[in-house]
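The values are calculated or read from the model by the stated rules, or taken from the named source; none is laboratory data. Note that the structure is a prediction, hence the values are computed from the model and not measured. Here the Cβ is made from the backbone with ideal geometry for all residues, glycine too, and neighbour counts use every protein chain on show. Surface areas here come from the heavy atoms of the whole protein model, side chains and all, with no ligands, DNA or RNA. Shrake-Rupley method; radii C 1.70, N 1.55, O 1.52, S 1.80 Å.
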Amino acid sequence: MDRAPLRPGDFSAVMGTGIVANAAVALPGHVPGLHPAATVVWVLASALLVKAVVDAAGRPIDPATAPLLGALPMALMTVGAGTLLFTPLVAVAVALWLAGTLLGLVTAVAVPLLLSARRDAVVTGAWLMPVVPPMVSAATGAPLVAHVPASVRPDALLCCYALFGVSLFAAVAIIAQLWGRLLHHGPGEPATVPTLWIVLGPLGQSVTAAHALAGPAGTVLPPEYGRGAEVFALLYGVAALGFALLWLAFAAAVTLRTARAPGGLPFTPAWWAFTFPVGTCVTGAAGLARQTGSPMFATLAVALYVLLVAAWLTVATRSVTRGRLRLGGPLRATAR
């Protein structure tokens, strides 16, 4: 008997859960009990990852859900980043980063190539999923630079910057297409509306990556490049986060309008898009807060984290009570 296709939605749940833990550590200030709670959430994300990987073994890939395959490498790297934050298991963190980076480069090339062959395909936010993993590699690879031999640290850092560029420019091209489609044809079917939130992923993660990379740049590159990396992190970060907040307001308005319309907003695993992308904006705002000492960015990071936790609790509860954690029909339509 043929096995059921791979369920990328399972890995989206890992991403959404893991970012709740990782973003908690990035928040400015100290909240009593937050770190132990975040550790518990990271353990849950790790357990979900193990289950998702075991369930995925030997399953064929459904071309209809190919854009969502980017969730697999991002889930690996999200848990890997938490491994470095919550445990001393550096080797495990490196292994997860390497596996996620290699798989992410495959999805960044193979999935757009597949989509380019389908002339009837309609761009949605899900198209960003295969090209975001290299940006996650850049952000989560920066802390690992300190754990590689000193002789290769400059090359490791520059590789992370290259991964930053791979994802950023690919994401900009797709976001431009998505913006044009929205202006001319509207948000589309209600099941696709949550994918609008995926746009926040490459935006927030790029701000996070810029700040994460500026740290090791000051020690492994010549001083002038280190200072340049800090300037870039600030100026690019403020600009990108500004656009992210604009998109957040837009996506929230469209989501609320759809939810209030007849038929409402159908629950599908695509609702996990309400979590990880918002989490990247939390870590991005937290990076700006650390660099500038600005109360404005610190407050923004906390506010976004509250939104992230509320979204995660809502989606996780519905996923468990409705048994829709696994990939279903509406998400397949979203991918198409």
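For segment 122-168, the candidate set comprises residues that are hydroxyl-bearing (S, T, Y) and under 24 Å from G279 (Cα atoms); within that set, the residue that is most open to solvent (accessible area, probe 1.4 Å) is Y161. Kindly indicate whether D55 is charged (D, E, K, R) and open to solvent by 20 Å² or more (accessible area, probe 1.4 Å). For D55, the condition - charged (D, E, K, R) and open to solvent by 20 Å² or more (accessible area, probe 1.4 Å) - is met. When P149 is tested against (1) over 16 Å from the mean Cα position of the chain (by Cα); (2) under 21 Å from L76 (Cβ atoms); (3) not aliphatic (A, V, I, L, M), just one condition goes unmet, and that condition is (2). Inspect all residues belonging to segment 170-178 and state whether any of them is open to solvent by 30 Å² or more (accessible area, probe 1.4 Å), farther than 22 Å from G284 by Cα, modelled with pLDDT under 95 and not in a helix (DSSP H, G or I). Checked segment 170-178: no residue is open to solvent by 30 Å² or more (accessible area, probe 1.4 Å), farther than 22 Å from G284 by Cα, modelled with pLDDT under 95 and not in a helix (DSSP H, G or I). Restricting attention to segment 106-121 and to residues that are part of a loop (DSSP other than H, G, I, E, B) and open to solvent by 70 Å² or more (accessible area, probe 1.4 Å), the residue that is modelled with the highest pLDDT turns out to be A117. Can you confirm whether segment 290-303 contains a residue that is surrounded by 21 or more Cβ atoms within 10 Å (Cβ to Cβ), assigned to a helix (DSSP H, G or I) and at pLDDT 95 or above? Among the residues of segment 290-303, at least one is surrounded by 21 or more Cβ atoms within 10 Å (Cβ to Cβ), assigned to a helix (DSSP H, G or I) and at pLDDT 95 or above, which makes the answer yes. Among the residues here, P330 does not qualify as open to solvent by less than 70 Å² (accessible area, probe 1.4 Å), part of a helix (DSSP H, G or I), of a type outside the set (A, V, I, L, M) and at pLDDT 95 or above.
Among the residues of segment 179-194, those that are closer than 22 Å to V132 by Cβ and either under 18 Å from the mean Cα position of the chain (by Cα) or surrounded by 14 or more Cβ atoms within 10 Å (Cβ to Cβ) (or both) comprise W179, R181, L182, P187, G188, A191, T192, V193, P194.
For beta carbons closer than 8 Å, sequence separation of 6+ or different chains, a first residue in segment 255-267 that is touching a residue at least 40 places away in the same chain (Cβ under 8 Å) and a second that is outside any loop (DSSP other than H, G, I, E, B) and of a type in the set (G, A, S), the qualifying pairs are L265/A259; P266/A191. What do you reckon, is A261 surrounded by fewer than 24 Cβ atoms within 10 Å (Cβ to Cβ) and either more than 20 Å from the chain's Cα centre (by Cα) or not aromatic (F, W, Y) (or both)? Taking the combined requirement at face value, the residue satisfies it.
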